[in-house]
Structures are given as C-alpha cells and as structure tokens.
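So the structure is just underneath, and the comments pick up after that.
The values are calculated or read from the model by the stated rules, or taken from the named source; none is laboratory data. Bear in mind that the values here come from a model prediction, so they are computed numbers and not experimental data. Neighbour counts run over all protein chains shown; Cβ positions are idealised from the backbone, glycine included.
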Amino acid sequence: MARAKGQNIRGFLEVLRGRFGESVVQSTLAELRPDLAEIIASGQILPSSWYPIDWWSDLHAAARRALGAGPEFAREMGRLKVKKDLSGIYRVFSWSSRRLS
C-alpha cells in the first residue's frame, strides 16, 4: 500500500493556511470524513511517520472542494510547498542555495 509522509500532510496544511487562511483550513477539515478530520485537527499526524496515501489525496480533494478550485490548485499548492521545503529543512537540495566557486 502506498504511503505519504506525515510531513507532507502537515506541510500541505501549513501552505494552505499561509495562502488562504485558517477559515479555508477549517472548511477543508469539514469536507473530510469525520474520523480523518479529527486525526488531522487533533495534531496526531507526526512528521516522520507514514500514513495511507488516501489521506493525503482526500485532503487535497477536500481543499479543492472547500475552495471550489480546479486542477490549477494542485499546481499552485505544489509550487508553494516546494518553495517552503526548499527554504527550510531541504534547503541543501536547492540549486539556488548553493554557492558556486
């Protein structure tokens, strides 16, 4: 079974909150099935743990429904998430962060 890292789920919510605000995060959680919404809202998702890929997929779909967004939403969120990741813990992998000698 495919899995998603907890950091991806948490990071998605952080980017969603930063781009659209807390009200959209709450609307997104309301679009999820109650058991998954409770797990996410209660902070039980650990960054280093692995979760069913369906949870991550369901979260994306719920956010799209909450915003009434189309397929461009996935591209925007992907771009913002990569930008966030490459300015944080994964900065070492960013070409722009390396010094050329």
- Are there any pairs with C-beta distances below 7 angstrom linking a residue in the stretch 6-24 that is in contact (Cβ under 8 Å) with a residue 12 or more places away in the chain and among the basic types (Lys, Arg) to a residue that is surrounded by fewer than 20 Cβ atoms within 10 Å (Cβ to Cβ) and in a helix (DSSP H, G or I), with the two at least 6 apart or on different chains, and if so which? Arg19/Leu80
- Note on the structure: Selection from the stretch 54-75 of residues over 12 Å from the mean Cα position of the chain (by Cα), of a type outside the set (D, E, K, R) and exposed (fewer than 14 other Cβ atoms within 10 Å of the Cβ) yields Gly68, Gly70, Pro71
- Message: Please verify whether Ala37 is in contact with an Asp or Glu (Cβ under 7 Å, 6 or more places away or on another chain), surrounded by 16 or more Cβ atoms within 10 Å (Cβ to Cβ), part of a helix (DSSP H, G or I) and modelled with pLDDT of 95 or more, treating the condition exactly as stated.
- Response: no
- Filtering the stretch 55-82 down to residues that are at pLDDT 90 or above and not in a helix (DSSP H, G or I), which residue is farthest from Ala30 (Cα to Cα)? Gly70
- Please identify the pairs in which a residue from the stretch 39-63 that is under 20 Å from Gly78 (Cα atoms) has its Cβ atom under 7 Å from the Cβ atom of a residue that is loosely packed, with under 13 Cβ neighbours inside 10 Å, counting only partners at least 6 apart or on another chain. Pro52/Met1; Ile53/Ala2
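Restricting attention to the stretch 3-19, report how many residues are part of a helix (DSSP H, G or I) and either of a type outside the set (Lys, Arg) or buried (at least 18 other Cβ atoms within 10 Å of the Cβ) (or both).
Residues flagged as part of a helix (DSSP H, G or I) and either of a type outside the set (Lys, Arg) or buried (at least 18 other Cβ atoms within 10 Å of the Cβ) (or both) within the stretch 3-19 amount to 11.
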- Within the stretch 40-54, which residues are of a type in the set (S, T, N, Q) and modelled with pLDDT of 95 or more? Ser42, Gln44, Ser49
